[in-house]
1. Using unit Cβ charges (K, R positive; D, E negative) and no other charged atoms, how large, in debye to the nearest 20, is the dipole of segment 58-128 about its Cα centre?
2. Given the chain, what count of lysine pairs have C-alpha atoms under 23 Å apart, with each pair 8 or more places apart or on different chains?
3. Can you give the FRET efficiency to the nearest 0.05 for THR23 and ARG98, using r as the Cβ-Cβ distance and R₀ = 22 Å?
4. Can you give the accessible area of SER109, probe radius 1.4 Å, in Å² rounded to 10?
5. Mind checking which helices in the chain clear 24 Å along their axis (Cα) and have mean Kyte-Doolittle hydropathy of 0.0 or more, DSSP H runs only?
6. Given segment 31-90, what whole percent of its Cα pairs are spread farther than 15 Å?
7. Quick one: with all protein chains in place, what share of the accessible area of the chain is carbon or sulfur, to the nearest percent (1.4 Å probe)?
8. Counting only C-alpha contacts under 8 Å and six or more residues apart, can you give the relative contact order of the chain as a whole percent?
Amino acid sequence: MTIIGIDPGSEETAYAVMAEDYTVVEADKQDNEQFLDSTLPSLIRSGINTVVVEGIQSYGMAVGKTVFETCYIVGECRRVAKIEGAESYIYARPEYARALVGGMKVKDSMVRQALMTRFGGDKKGEPLHLLKGNSDKRSAFAIAVYHADKRRFAA
């Protein structure tokens, strides 16, 4: 099972393609229009059967336009997945981040460290080098890892 993990944003979306053995095959961050119109459909057509998207969760605080724009992108990712015949799942950040890190309040640096501890470094030639320098790509990979772990442990 190849998975694409997606960290949507109001203007750009990061993604990470993960092979069944948890190898990062591809990772990038693109303008939403390019990602939704071209990249995501192309990746699904290439054999990706599972799309996992970071969803939005309410924290009881007022939100602005960018949060709503991000919500729309989450929905668009699901729509593209459905049209292209892939399964889609949505997980809120606290759910997958806590599972990877083990704590309640999880920062980006903690997700990075948990991924590096489990899979290796992010320098050139190391397993996570395609994620280096971008917390959004790491989040996209982390959500793919979470989904794969959840499926594996449920079996």
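The values are calculated or read from the model by the stated rules, or taken from the named source; none is laboratory data. Since we're looking at a predicted model, the values are computed, not measured. Glycine gets a Cβ as well: all are built from the backbone with ideal geometry, and neighbour counts include every protein chain shown. In case anyone asks, the SASA skips ligands and DNA or RNA and just uses the protein heavy atoms, side chains included. Shrake-Rupley method; radii C 1.70, N 1.55, O 1.52, S 1.80 Å.
1. Numbers: 12 positive and 8 negative charges, 47 e Å.
Taking the Cα centre of segment 58-128 as origin, the dipole is about 220 debye.
2. 22
3. 0.35
4. 80
5. Helix filter hits for the chain: 65-84.
6. Numbers: 899 of 1770 pairs.
Cα-Cα pairs of segment 31-90 separated by over 15 Å account for 51 percent.
7. Values: 4150 of 8280 Å².
C and S fraction of accessible area: 50 percent.
8. Values: 266 pairs, mean separation 46.3, N = 155.
For the chain, the relative contact order is 30 percent.
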